[in-house]
Amino acid sequence: MAEKACKTCHLIIKEGVKCPSCQGENLSEKYSGYIVVFDPEKSELAKKIGAKIPGKYAVKIK
Ligand SMILES: [Zn+2]
């Protein structure tokens with residue numbers, strides 16, 4: 001199964017139909033580029049994209 005990116009918070013998920021971060025069901029397989037967030041509370045980048053949990057986040061979602 002292809003990885004999907006949440007259109008709401010940009011989190012990339014490997015399985016399931018719901019985003020574990022925002023509970024959104026608006027997922028897309030078409031995204032380009034991603035960044036990895038290890039510690040959302042300390043990462044400036046994470047704050048910029050609104051990441052709340054560690055994980056991979058899509059940079060661009062089509
Ligand atoms: Zn989400």
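The values are calculated or read from the model by the stated rules, or taken from the named source; none is laboratory data. The structure presented is a predicted model; accordingly, all values stated were derived computationally and were not measured. Glycine gets a Cβ as well: all are built from the backbone with ideal geometry, and neighbour counts include every protein chain shown. Remember, those area values only see protein heavy atoms, side chains included, never the ligands or the DNA or RNA. Shrake-Rupley method; radii C 1.70, N 1.55, O 1.52, S 1.80 Å.
Can you confirm whether the range 51-60 contains a residue that is hydrophobic (A, V, I, L, M, F, W, C), surrounded by fewer than 17 Cβ atoms within 10 Å (Cβ to Cβ) and assigned to a strand (DSSP E or B)?
Scanning the range 51-60, I find at least one residue that is hydrophobic (A, V, I, L, M, F, W, C), surrounded by fewer than 17 Cβ atoms within 10 Å (Cβ to Cβ) and assigned to a strand (DSSP E or B), so the answer is yes.
Considering 29, 3, 41, 25, which residue is of a type in the set (Asp, Glu) and within 13 Å of residue 56 (Cα to Cα)? Working first, answer last.
Working: 29 fails: within 13 Å of residue 56 (Cα to Cα); 41 fails: within 13 Å of residue 56 (Cα to Cα); 25 fails: within 13 Å of residue 56 (Cα to Cα).
Going through 29, 3, 41, 25 in turn, the sole match is 3.
For the range 32-46, check the following and say yes or no: at least one residue is outside any helix (DSSP H, G or I), open to solvent by 80 Å² or more (accessible area, probe 1.4 Å) and either in contact with a strand residue (DSSP E or B) (Cβ under 7 Å, 6 or more places away or on another chain) or touching a residue at least 60 places away in the same chain (Cβ under 8 Å) (or both).
yes
Please identify the pairs in which a residue from the range 8-31 that is under 22 Å from residue 48 (Cβ atoms) and within 7 Å of the ligand (Cβ to nearest atom) has its Cβ atom under 6 Å from the Cβ atom of a residue that is in a loop (DSSP other than H, G, I, E, B) and open to solvent by 100 Å² or more (accessible area, probe 1.4 Å), counting only partners at least 6 apart or on another chain.
21/52
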